[in-house]
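Derivation of every value follows stated rules applied to the coordinates shown; laboratory data play no part. Model, not experiment: these values are computed from the prediction. In this analysis, Cβ positions are derived from the backbone assuming ideal geometry, glycine residues included, and neighbour counts consider all displayed protein chains.
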Amino acid sequence: MTEFHLNGKPVSVDASSDTPVLWVLRDHLGLTGTKFGCGKTLCRACTVHLDGKATFSCLLPLSAVAGRRVTTIEGVDGRVARAVQAAWDKIQVPQCGYCQPGQVMSATALLSKNPTPSDADIDQAMQFNLCRCGTYQRIRLAIQDAAKQLGSGA
Amino acid sequence: MSAKSGVSRRQFLKASTAGAGFVLGLRLGWPSQAEAATAEFTPNAWIRVGTDGGITLVCARNEMGQDVHTSLVMLLAEELEVDPRRVKVQQAPPDPVYINTLMGAQVTGGSTSVRDAWDPLRRAGATARSMLIGAAATRWKVPPGECRAQNGYVLRGDKKLAYGTIAAAAAREAVPSDVALKPASAFSVIGKPLPRLDGADKARGRTVFGIDVKQAGMVYAALAQCPVIGGRVASFDAEAARKRAGVRKIVDIGEGVAVIADHYWVARSALADVKIQWDEGPAATLDTASIYARLDQAGDRPGVPVKQAGDAAAILAKAKPLEARYTSQMLAHATLEPPNCLARVSRSGVDVWASTQFPPGAQAVAAEVAGVKPAQVRVHSQFIGGGFGRRLEVDFIGQAVAIAKAMPDVPVKLIWTREDDVTHDFCRPPSLHLLRGVLDGGRLLALTHKMVSPSITSRWAPGAVKDGIDGFMTEGVVDFTYDIVHVDFRTVIQEVGLRVGYWRSVSNALNAFAIESFVDELAREAGRSPLEFRLAMLGKQPRQRAVLERAALESGFKAARDTGRAFGVASMKCYDSHMALVAEVSGSAESVKVERLTYAVDCGTAVHPDQVIAQLQSGAVTGLINTLRSKITVKEGRIEQSNFDSFPIPRMPEVPRIEIVLMPNGDAPGGIGEAGVPLVAPAIANAVFALTGQRIRGLPLEDAGIRFS
């Protein structure tokens, strides 16, 4: 049994300790918002927050999150996450939508750490998240919009 | 200009379905959703009006990012007079009533969804509205002409009836034989802003894709397939895998060995312990060089004319033409949601839950593998995490059913790895293009083009390939817009020993790269601006001319390099849309940066303008995959790429500014899902020439030694 905090609540999982957190979330805990895209940290569709920091989950073994806080797209909340998702709605970012949970998690982590990111900061933070539909231009606009909203105290 | 265009797309799959073995012409054995509906008013297969006033669109096309769950609702809502945000969407089952008339089968592809639905869905909405008005008029005992519909109500003076309250009565009204459609000037939904109806869920991880479907008692499968596509299992040893905790079954399905387990990670891990001997089959000696050698050999064949005018042969016999050889690479689709399928085989039939662009194909393959009639297969189509043509194929669905057969009554979810996907794709075909052009003064007198490529359709729908012509190979050729006196365009089908598939924009991308690059060469040879050279050939094509002029204007196009910047232009008609693109680049002969892509687009009526723009932005990025560095290569029968490291797709920092100018007019909508893709390669290649003087005639461009930053 491995215990950790998932979206603010303690959970206990009976899976081998090498099982990637991605599959623990999807198969054992039924949270399918976190996506499988490559299995090698190359696309970051599997991005979650580990103790508040964006990280891939596809090669993150269950043993590595014991006792720690994991947040997924289902549980991400707070002022920044809400601003990011509102901006995603306003700019109409998603197309197929498969990568978008990962994009939202990365963008939320970026703005939590850096509320006024430059274009270069956005590139740096978001370069790991692939979007096969090519929504990058709108992702950038949405991050800028969310930063603006957060800065104005909205 | 006399044109001979081979098989039209409209005919295409219609003619083909018998050959592919799909029973599309028969009413299926179980009631369609429209018939089975408990709703009180189901005037046709697309609409359900519940007694609670709930409106449902039974959506005949699958949602893969291209916005059909909103744009098709808009068509219906416009005429039904309801708020589109109130319309629920239900995915249609396989049923002949949902056939895409532009494709001849119930498929989502070919940038046809809006074009195909444009008339029938509006007509369906108008029919339902007319019957609802009729029901209200009957109740009020007034002529229908005194009533009107608005926002889910029938109105007369200060009286109104909600659709829900008259849904049952409307069902008893006669179906009108003809209904008048609104003129564009009366549109209140079409062409107006509206958030995507599926957008909020997608931003919150709530959308259920095929890979996310859950069923009680579900187990998971991982599959090892022969590294050479087409190879078979010779023998295997699964003793070690069988002993692992959580492993339920090992299944040999001929093309591979599957491990079924309680959890996916257990299945994946155990699969690594299975030792398999393969019979690799005849493809085991295949390599990239031999594939292109076959195309080169076939280039000597005369080919089949697909578009001819004047007498190009006579002109070529007298003049010394400019000649060029162009090639395009093979590509993987690499949809971000890997192929997967949940299947359950039981006595009551087969269920498949899948992300598919081709529900009847899913049904047919499941029936064939399970040994049941298609009517015994229920297909539950899900949101698609990227299609691009990959999900027109149903290989992974057949595999899932074959595996699930080993565990009757248990839902089994097969999930491919990314490596499975890249190494077992139906690649975009490799292509060879042989071109010749003759200039007369500053104009183009004769142009010939021979496209040599394996035929996708020969496999996918063999009945549709007639007289040596695969209609999908003629894309980007039969819609040729330039007015040239002598034209001779041909195609040569040459198989290469590797299965190939439809990849977003199909041959439009292949042919546009060759032709639009070569036209640029001819313009330079003639000493003219590539823009003026093209415009001079578009005198009879006002819409095409207009987009080209606009793209040039918006981009600040210049024919010559200027302070380290250069421009390339390309132009074509595809999917009934008129497209022009200017690429702006900077840098040097070694390192080039794509700064900006400026499109001007006339797609007739833009039903959902913001998502038309979104599709074009997406097409631009897909065009970059085709252009910059991505490629599939083969060695000893094996695809050499396997994941996003060896098969890169563009990341945020390298995507340039994409600017789009829509030039709408009142015409019927043109297709847009693929239209943004084909011009990216020739526009960038032409810009690279303007910047560096290097003419690159093969894709991806980085193979020529140039680097894009």
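Some points to look at:
- Where only DSSP H runs of four or more residues are counted, the protein assembly as shown gives -9000 deg cm²/dmol as its mean residue ellipticity at 222 nm, each run worth -39500 (n - 2.57).
- For B:Ser642, the residues whose modelled amide H falls within less than 5 Å of its own, excluding neighbours fewer than 5 places apart on the same chain, are B:Phe647.
- Between amide H atoms placed 1.01 Å from N, distances below 5 Å from B:Arg490 occur with B:Val306, B:His449, B:Lys450, B:Met451, all of them 5 or more places distant or on a separate chain.
- Considering only beta bridges that DSSP places wholly inside region B:32-201, some 70 percent are antiparallel.
- Rounded to the nearest Hz, the phi-derived 3J(HN,Hα) couplings of region A:128-140 under the Karplus curve 6.51 cos²θ - 1.76 cosθ + 1.60 (θ = phi - 60°) are 7, 8, 7, 10, 6, 7, x, 8, 3, 4, 6, 4, 4, where x marks glycine and proline.
- With θ taken as phi - 60° and the Karplus curve 6.51 cos²θ - 1.76 cosθ + 1.60 applied, the whole-hertz 3J(HN,Hα) list for region B:433-445 is 10, 10, 10, 9, x, 10, 9, 10, x, x, 10, 8, 8 Hz, x standing for glycine and proline.
- For the segment A:134-147, counting C-beta atoms of other chains within 10 Å of every residue's C-beta and taking the mean gives 4.
- Calculated FRET efficiency, B:Leu181 to B:Thr138, Cβ-Cβ distance, R0 = 30 Å: about 0.80 to the nearest 0.05.
- Dipole moment magnitude, nearest 20 debye, region B:32-201 about Cα centre, only Lys, Arg, Asp, Glu C-beta charged: 500
- Cα gyration tensor shape of the protein assembly as shown, rounded if a/c is under 1.5, else prolate or oblate by comparing a/b with b/c: rounded
- Loop-located trypsin sites (Lys or Arg not before Pro) in region B:308-350 (DSSP state other than H, G, I, E, B) with a sparse environment of at most 13 neighbouring Cβ atoms within 10 Å: B:Arg347.
- Within straight-line cross-link reach of B:Lys466, lysines at Cα separation under 23 Å, skipping those fewer than 8 residues along the same chain: B:Lys4, B:Lys14, B:Lys307, B:Lys450
- For A:Lys113, a cut-off of 16 angstrom between C-alpha atoms picks up these lysines, skipping any fewer than 8 places away in its own chain: A:Lys53, A:Lys148.
- For B:Ala289 and B:Val208, the difference between the fully extended length at 0.36 nm per residue and the C-alpha to C-alpha distance is 24.9 nm.
- Note on B:Asp279 and B:Arg242: with the Förster distance fixed at 22 Å, the Cβ-Cβ geometry gives a FRET efficiency of about 0.45.
- Average beta-carbon neighbours from other chains, 10 Å sphere, peptide A:37-49: 4
- Counting only DSSP beta bridges with both residues in region B:380-510, the antiparallel share comes to about 55 percent.
- Inter-probe distance in nm under a simple model that places probes 7 Å from Cα toward Cβ, at B:Ala314 and B:Asn665: 3.4
- Axial C-alpha extent at least 15 Å, average Kyte-Doolittle at least 1.6 - helices from chain B (DSSP): B:680-692
- The aspartates and glutamates within cross-link reach of B:Lys160, meaning a Cα-to-Cα straight distance under 13 Å and a gap of 8 or more places when in the same chain, are B:Glu146.
- Cα shape, chain B, gyration tensor, a/c 1.5 rule: oblate
- Of the GluC sites (Glu not before Pro) in region B:564-638, those whose Cβ has at most 13 other Cβ within 10 Å and which sit in DSSP loop: B:Glu590, B:Glu636
- DSSP beta bridges confined to the protein assembly as shown are antiparallel in about 75 percent of cases.
- Sites B:Val485 and B:Arg459 - FRET efficiency at Förster radius 51 Å, r taken between beta-carbons, to 0.05: 0.85
- The mean number of partner chain beta-carbon atoms within 10 angstrom of a residue's beta-carbon across peptide B:655-667 is 1.
- Axis of helix A:79-91 versus longest Cα principal axis of chain A: the two differ by about 60°, to the nearest ten degrees.
- The simple spin-label model puts a point 7 Å past each Cα toward its Cβ; for B:Arg172 and B:Asp52 those points are separated by 2.4 nm.
- Anisotropy class of region B:185-289 from Cα gyration tensor, a/c 1.5 cut: oblate
- For the listed residue pairs B:Lys192/B:Lys540; B:Lys593/B:Lys631; B:Lys249/B:Lys635; B:Lys540/B:Lys573; A:Lys40/B:Lys249, the alpha carbons are over 22 angstrom apart in B:Lys192/B:Lys540; B:Lys249/B:Lys635; A:Lys40/B:Lys249.
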